[in-house]
Structures are given as C-alpha cells and as structure tokens.
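The values are calculated or read from the model by the stated rules, or taken from the named source; none is laboratory data. Remember, predicted model here, so these are calculated numbers, not experimental data. FYI the Cβ positions are ideal-geometry reconstructions off the backbone, even for glycines, and counts take in every protein chain you see.
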Amino acid sequence: MQRRKAAVLGLVTALLTATAVATATSANAAAGCAVKYTVSSQWPGGFGAAVDVTNVGDPISSWSLVFTFPAGQTITQLWSGSVTQSGSTVTVKNAAWNGAIATNGNSNPVPTSFTLNGVTCTGGVVPTPTDVSPGPPSPSSSATTKKKIMALGDSITGSPGCWRALLWQQLPAARVDFVGTLPGDGCGFPYDGEHEGHGGYLVTNVASQNMLPAWLSASGPDVVLMHFGTNDAWSNLSTTTILNAYTTLVGQMRAANPKMKIIVAQIIPLNPSTCTDCGQRVVNLNAAIPAWAASLNTAASPVTVVDQWTGFNTTTDTYDGVHPNDAGNVKIAARWLPAVQAAIA
C-alpha cells in the first residue's frame, strides 16, 4: 500500500512577466500563467516543494491557486498564505501582503494541472526529478564539496531567524552546510539550522571581546553572511565605531580562512516604539557600508554587500518594528539568495 506523505508549503516571491506590473488591480484579470514545480527536500513521511507561478496575463491584486495531489498527499504547513484542502484538491490563497504569487507546494508525483484565479495555467508544468532522496555519495558529490555557510548576527539572524530556513530551502542541499555553535529553531519544517545569531549582541562587543575566533574555529565556514549592528544603532553607537568592529571581524574571518567569502548586509530598517532616532541611525550606517566594503574587498576574499534595507517595511514586514515576521523573512531570504548562489558556484 502506498504511504501518504505530509507536505510543507512555503510562499516565496511572485514572478510577473514584463507584460504585467507590480501594482495589480483586478483579481479576475489574469489570462494565463506558467508553473514550475520543484521538489526541494524530502524526509521520512514528508517533503517540501516549490511552486513558482508566473502571471502571463493582466495585473492581479489577489490570487487563488488550485491543484490536485495525485497520490493522496496532505498539507501540514504553509508559509505566508492560507490553504484549504478537500480530498486531494488543494487551494492556496495569498496573504494580505502578497497579492502576487509564489508558493512552496508539495507533491511527488507532480500535480499535472494548475489554475490561477480560475484560469488554467497553459505555460506548462516543469518538474524536477521526483526522487530527491539522498543516495550514496559519489566522488563528485561527497560531503567534502559542500560550502560551509555561517549566518552571523543578532536576533535578526536568530530568534528564530526563519529567513535562514527559507534560504536553505532554495539552495542545493548537496552544495551547502549551514554551520554555527547555535542550533536551529522551529520554522515549521526540517532544515539545516546551525547559526551564530546571538540575540541582544552588539557587533562592537563581539569584536572587542574577541568572540568570533572561537565560533570560526568550531565551524570552519567558507562563507559568512553578516547582518549585524541593529543593537549598536539602537544603543546610539556611531557609524564609524560599528564599521571599525566590522573591520575587526573581517580580519578574524580571513585569519581563520584566507579565502573566506564575506557577504555583508545593509541591515533592515529599525523602528522600535521607544527610539525615534533609530531609523536614521540605520540609514547612516547603511549609506557607509558600500565604501567600507570596497576598501576591504580582495580577489581572494571578496566582500559582497547585499541591500536588505530597500523595500523592507517595518509596518508590514516586522511584528514589532524590529524583528521580521513571515513576510519579512521571505524578503530577507530572497535578498541573500543571489549572493549566496554566487558564493557557492
């Protein structure tokens, strides 16, 4: 008897073609769509998959994606939207903030028909191989070829930092190993969760107290993703002081690994109710980061800047003006993704 599997769904960012615009106006105007279905991970009794939907018709402001599981699978988790299931028929609707669509859906074998706002997606379904279970390592795919990635920062990176889980889902599992001395937190599905996201920490203290070398020694990363400085800005430390701490950490990273690839964020906005000046302090810091990074960039150990600030809204993308909610986690993961893909290529 075939065993049913539980599915984990995750919404990412919607893809609109050049014929559509981001400011959608009608939920019923779509004339067509294309769907790419990808099984991203699998474990005993469950799996995760991605459904990337492209609207090839008129702009839309809300959406409802319907598909049918061919093997009796059921959905247990959805990211950033709402889902209902009747038998094998699944309906996924947008959340309040994401009228444009992208979902991490779930199925193997692959659903063969999708409708978007009642219109059949005629662009086709492009499946990846249905068998994603790990096999014996080969010389070209052994664990030693994996790039070790350390996510470094404060509570934006940890607590629970589910952007790390979403980012991991979109990377090839055979190529990456997330590392750190802290374990992963619950984000609704299994993922490689080790990290160095220390809630409440200041980057200036981490530098002055020489904390990073021990973390680097324990994990041996090849790539560091650093989103750090939120608590320093909140504490009214100057941009120069924060950047000096960044410089210390970069030196320690290169001492541990001369070929370290360093990806540094222009950090997300800061708008706590108790600090009216915090937002501008982050703006000042972010404005100085590109020139700082350029001054330290080398061919052997590149420093790449990722803009996590632009397009991030503390009203819709955080739950308290500081920490990302589900919508914010989706945005943060999407901004990291191209830089990480380049670093592991």
What number of residues within region 217-237 satisfy the criterion of being assigned to a loop (DSSP other than H, G, I, E, B) and either farther than 16 Å from residue 249 by Cα or not hydrophobic (A, V, I, L, M, F, W, C) (or both)? 7
Filter the strands (runs of 3 or more DSSP E) completely within region 101-216 down to those with at least 2 residues that are at pLDDT below 65 and surrounded by fewer than 23 Cβ atoms within 10 Å (Cβ to Cβ). 125-127
So which residues in region 156-167 are touching a strand residue (DSSP E or B) at 6+ places or on another chain (Cβ under 6 Å) and not hydroxyl-bearing (Ser, Thr, Tyr), if there are any at all? 156, 158, 161, 164
Pairs under 6 Å by beta carbon, first residue crowded, with 16+ Cβ neighbours inside 10 Å and in a strand (DSSP E or B) in region 62-77, partner modelled with pLDDT under 80 and among the aromatic types (Phe, Trp, Tyr), six or more apart or different chains? 67/114
Just give me the residues in region 238-269 being crowded, with 20+ Cβ neighbours inside 10 Å and either within 17 Å of residue 315 (Cα to Cα) or without any contact (Cβ under 8 Å) to a residue 40 or more places away in the chain (or both), in sequence order. 267, 268, 269
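Yes or no, residue by residue, for (1) part of a helix (DSSP H, G or I); (2) within 16 Å of the chain's Cα centre (by Cα); (3) crowded, with 21+ Cβ neighbours inside 10 Å:
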residue	(1), (2), (3)
271	no, no, no
276	no, no, no
295	yes, no, no
298	no, no, no
315	no, no, no
328	yes, yes, yes
332	yes, yes, yes
338	yes, yes, no
342	yes, yes, no
Scan region 295-309 for residues that are free of Cβ contacts under 8 Å to residues at least 12 places away in the same chain and touching a strand residue (DSSP E or B) at 6+ places or on another chain (Cβ under 8 Å) and report the count. 1
